[in-house]
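Remarks on the structure that follows.
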Amino acid sequence: LSFLLMLPVHLMAGILQSLQFSNTVYLLSDAEPRIDRYNLESGRFLDPIRLPATYGLPTAFLADPHGLYVAFNRSLKRYSLEGSNEVHVISRPMA
């Protein structure tokens, strides 16, 4: 992800996780429930994906052809690659 080397330092400081799927780089914020998206073909940022604040901050995510999988504390949600159509996937029981 050499693209990350071109980001301003203040933006890099707020990234918890990054990954590339297809022609899009996804950047998970560590400060708010948001995933920024960068299109490698156009060289431009796309509209960010605003995640529900009711779940708290996401802790990890993954992208595949079926969508974005986002972990929030004890639950896993799936969204379309554009951030819509939330589906609850699984919850981890309290220990």
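State all residues of region 36-95 that are open to solvent by 80 Å² or more (accessible area, probe 1.4 Å), closer than 22 Å to residue 20 by Cβ and over 15 Å from the mean Cα position of the chain (by Cα); if no residue qualifies, say none.
Matches in region 36-95: 41, 44.
In region 50-66, is there at least one residue being among the polar types (S, T, N, Q), at pLDDT below 90 and out of contact with any helix residue (DSSP H, G or I) (no Cβ under 6 Å at 6 or more places or on another chain)?
Filtering region 50-66 down to residues among the polar types (S, T, N, Q) leaves 54, 59.
Next cut, at pLDDT below 90 only: none.
Checked against the condition, which is being among the polar types (S, T, N, Q), at pLDDT below 90 and out of contact with any helix residue (DSSP H, G or I) (no Cβ under 6 Å at 6 or more places or on another chain), region 50-66 yields no hits at all.
Among the residues of region 38-87, what is the count of those that are among the polar types (S, T, N, Q) and in a strand (DSSP E or B)?
Initial filter on region 38-87 (among the polar types (S, T, N, Q)): 39, 42, 54, 59, 73, 75, 80, 84-85.
With in a strand (DSSP E or B) added as a condition, the list becomes 39, 75.
Number satisfying all stated conditions: 2.
Hey, any hits in region 29-49 for a residue that's closer than 21 Å to residue 85 by Cβ and of a type in the set (Ser, Thr, Tyr)?
Yes, there is a match, as at least one residue in region 29-49 is closer than 21 Å to residue 85 by Cβ and of a type in the set (Ser, Thr, Tyr).
The values are calculated or read from the model by the stated rules, or taken from the named source; none is laboratory data. Quick caveat: nothing in here was measured; it's all calculated off a predicted structure. All Cβ positions, even for glycine, are placed from backbone atoms using ideal geometry, and neighbour counts span all protein chains on display. Keep in mind that these areas ignore ligands, DNA and RNA; they rest on the heavy atoms of the full protein, side chains included. Shrake-Rupley method; radii C 1.70, N 1.55, O 1.52, S 1.80 Å.
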